[in-house]
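*Asks:* I am attaching a structure below and will ask some questions about it afterwards.
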Amino acid sequence: EMRRQLTATLGSVNEADEALNLLLTHLVNAGFGEHRQGRLRDFLVRGLRSAARARLNEIPEDQRAQSRLDELMVDAQEWIKFWREGLLERAWRSLERLEHAKPEVPVFSVLHSATANPQATPEMLVVQIATDNGIQTDAATIRATLPEARAVFAQLVADEVAETLESPSGDQVKEEIQRLGLSRAFNGISVEADS
């Protein structure tokens, strides 16, 4: 919702993402570390709960819809899923931007197609990528690009996770990746964070 509003205001998805990044950075610098383990998701869910509770208190009890406020908790599976999907979406968009900047290396198209069809051979992916994205490639390019795309995507996910931690160390990033259920993106890939 905030992203949509910023996109309308700034006229660009990329600018909206950057504005959201500034907001997140401001929140990090303002210090959400006092909240549990310095995780932005904890800080935000507490803010959401507080706002929802305040709004509910403004509505007469007999006019309130059924509230699910007790489901909006720091470690609630629905919240974790929402947060994970948001981080993945941002990582996919970043990977797509990398492909647009360097179209001769179709990292987004290759990984996206391979993820959608994990049993597909490189030859099958060539056809799928041409059909879905209009990109002409060959099986050798797919074979060479797929490991690179996986590594780049894993780094993008790790970077997204690191941005949501107040003082991210490599171990804290790894722990948050596990907690969010994002470990599959890192099979066989070392995850490091900038301190």
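The values are calculated or read from the model by the stated rules, or taken from the named source; none is laboratory data. Keep in mind that what you see is a predicted model, and the values were worked out from it rather than measured. Note: ideal-geometry Cβ built from the backbone for every residue, glycine included; neighbour counts use all protein chains shown. Side chains included, ligands, DNA and RNA excluded: accessible areas come from the protein's heavy atoms. Shrake-Rupley method; radii C 1.70, N 1.55, O 1.52, S 1.80 Å.
*Asks:* What pairs can you find where one residue is in the stretch 134-151 and at negative phi, the other is at pLDDT 95 or above and open to solvent by 40 Å² or more (accessible area, probe 1.4 Å), and their Cβ atoms are less than 6 Å apart, with a gap of 6+ or different chains?
*Replies:* Matching pairs, first to second residue: A139/E123.
*Asks:* Just checking, how many residues over the stretch 18-39 are surrounded by 18 or more Cβ atoms within 10 Å (Cβ to Cβ) and at pLDDT 70 or above?
*Replies:* 2
Every residue, every condition in (1) closer than 20 Å to I80 by Cβ; (2) modelled with pLDDT of 95 or more; (3) surrounded by fewer than 17 Cβ atoms within 10 Å (Cβ to Cβ), yes or no:
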{"residue": "I129", "(1), (2), (3)": "no, yes, no"}
{"residue": "I135", "(1), (2), (3)": "no, no, no"}
{"residue": "A139", "(1), (2), (3)": "no, yes, yes"}
{"residue": "I142", "(1), (2), (3)": "no, yes, no"}
{"residue": "L156", "(1), (2), (3)": "yes, yes, no"}
{"residue": "T164", "(1), (2), (3)": "yes, no, no"}
{"residue": "G170", "(1), (2), (3)": "no, no, yes"}
{"residue": "E175", "(1), (2), (3)": "yes, no, yes"}
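*Asks:* How do the pairs read when you match residues in the stretch 96-125 that are at negative phi with residues anywhere that are part of a helix (DSSP H, G or I) and basic (K, R), using Cβ under 7 Å and keeping only pairs 6 or more apart or on different chains?
*Replies:* Note: pairs meeting the criteria are L111/R150; P122/R143.
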